[in-house]
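The values are calculated or read from the model by the stated rules, or taken from the named source; none is laboratory data. Because the structure is predicted, anything quoted here is derived from the model rather than measured. Reconstructed Cβ throughout: ideal geometry from the backbone, glycine too, with neighbour counts over all protein chains shown. Just the protein is used for accessible areas: all its heavy atoms, side chains included, with ligands, DNA and RNA removed. Shrake-Rupley method; radii C 1.70, N 1.55, O 1.52, S 1.80 Å.
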Amino acid sequence: MTAKTNHKSSSAHPLVGIIMGSSSDWETMEHASKTLSNLGVPHETKIVSAHRTPDLLFDYAASAEMHGLEVIIAGAGGAAHLPGMTASKTVLPVLGVPVESKALKGLDSLLSIAQMPGGIPVGTLAIGKAGAINAALLAAAILGAKHPAIREALRKFRAEQTDRVLANPDPSVSPAPSTIKGKRK
């Protein structure tokens, strides 16, 4: 996978860097990218492996602030060193997304990211898709302190989310999400 940059707001450069250790992590991390796109947050995506491309990782993390990034979302599975090593090379907020692994279902990834030593923080999210979505929402909240348009997009997202729940408060009288007009999806 090559680096992608999405520009869905008036900003001329990405504010969030989404990095992952391998192309197989994209299945999880694409949810962070889609969430940021829906909020209009410019971002880039890139494979940066802590183990296979350590020099690229160090260069990316060390130069991220200079390139205008304000938050980094790092997704990794297994040993999951990418978020911690990234955090060790930048003062930007780093949000770690544990990617589900085959052997331990992502618990290994979660523990690797969450057990950072004092002094090098990584904000650790849930394993998998939910973690990727929440990492994007947390990145937007962080950016919202400085960028009013992002704060308002996040406020709108939250209001729409609330409206969807309130529109169908009793699932026993609403059609199941898997059926529409009697047909299975």
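Could you work out the relative contact order of the chain, using alpha carbon pairs under 8 angstrom and six or more residues apart, expressed as a whole percent? Numbers along the way, then the final one.
On the way: 349 pairs, mean separation 34.9, N = 185.
Dividing the mean separation by the residue count of the chain yields 19 percent.
Which percent of the accessible heavy-atom area of the chain goes to carbon and sulfur, probe 1.4 angstrom? Write down the numbers at each step before the final one.
Numbers: 5850 of 10190 Å².
Carbon and sulfur: 57 percent of the exposed surface of the chain.
Would you kindly state how much longer the chain becomes between Lys34 and Ala114 on full extension, computed as 0.36 nm times their sequence separation minus their alpha carbon distance, in nm to one decimal? Write down the numbers at each step before the final one.
Values: separation 80, 0.36 × 80 = 28.80 nm, distance 2.45 nm.
Working it through step by step, the gained length comes to 26.4 nm.
Enter the angle in degrees (range 0 to 90, nearest 10) between the Cα long axis of helix 148-167 and the first principal axis of the Cα atoms of the chain, meaning the one along which they spread out most.
40 degrees
Accessible area per residue of region 39-185 at 1.4 Å probe, in Å²?
Value for region 39-185: 57 Å² per residue.
Mind pulling the angle between the C-alpha long axis of helix 26-39 and the longest principal axis of the chain? Nearest 10 degrees, somewhere in 0 to 90.
70 degrees
Once amide H atoms are built 1.01 Å from N in the peptide plane, which residues 5 or more positions from Gly96, or in another chain, come under 5 Å H to H?
It is Ala74, Gly123, Thr124, Leu125, by chain and number.
Given +1 on the Cβ of Lys and Arg, -1 on the Cβ of Asp and Glu, and no further charges, what dipole in debye does the chain carry about its Cα centre, rounded to the nearest 20? Present the calculation step by step, with values, prior to reporting the outcome.
Working: 19 positive and 14 negative charges, 144 e Å.
Dipole about the Cα centre, nearest 20: 700 debye.
Under a cut-off of 12 Å between alpha-carbon atoms, report the aspartates and glutamates in cross-link reach of Lys34, not counting same-chain residues fewer than 8 places apart.
Cα-Cα hits under 12 Å: Glu44.
Using Cα pairs closer than 8 Å and at least 6 residues apart in sequence, work out the relative contact order for region 101-166, in percent. Show your work: numbers first, answer last.
Numbers: 36 pairs, mean separation 10.7, N = 66.
The normalised contact order for region 101-166 reaches 16 percent.
Starting from the Kirkwood radius over alpha-carbon pairs of region 38-130, derive D by Stokes-Einstein at 25 °C in a medium of 0.890 mPa s and give it in µm² s⁻¹. Before the final figure, lay out each step's value.
Values: Rh = 13.4 Å.
Reported coefficient: 184 µm²/s.
Taking θ = phi - 60°, what integer Hz values does the Karplus form 6.51 cos²θ - 1.76 cosθ + 1.60 yield along region 43-49, in sequence order, with x for Gly and Pro?
Per residue, the Karplus-derived 3J(HN,Hα) values read 8, 10, 10, 7, 7, 9, 8 Hz.
Say R0 is 25 Å: what FRET efficiency, to the nearest 0.05, do Asp59 and Ala79 get from their beta-carbon distance? Could you put the intermediate results ahead of the total?
Numbers: r = 21 Å, r/R0 = 0.84.
E between Asp59 and Ala79, to the nearest 0.05, is 0.75.
Which aspartates and glutamates have a Cα lying under 13 Å from the Cα of Lys129, excluding residues fewer than 8 positions away in the same chain?
Asp25, Glu27, Glu30, Glu100
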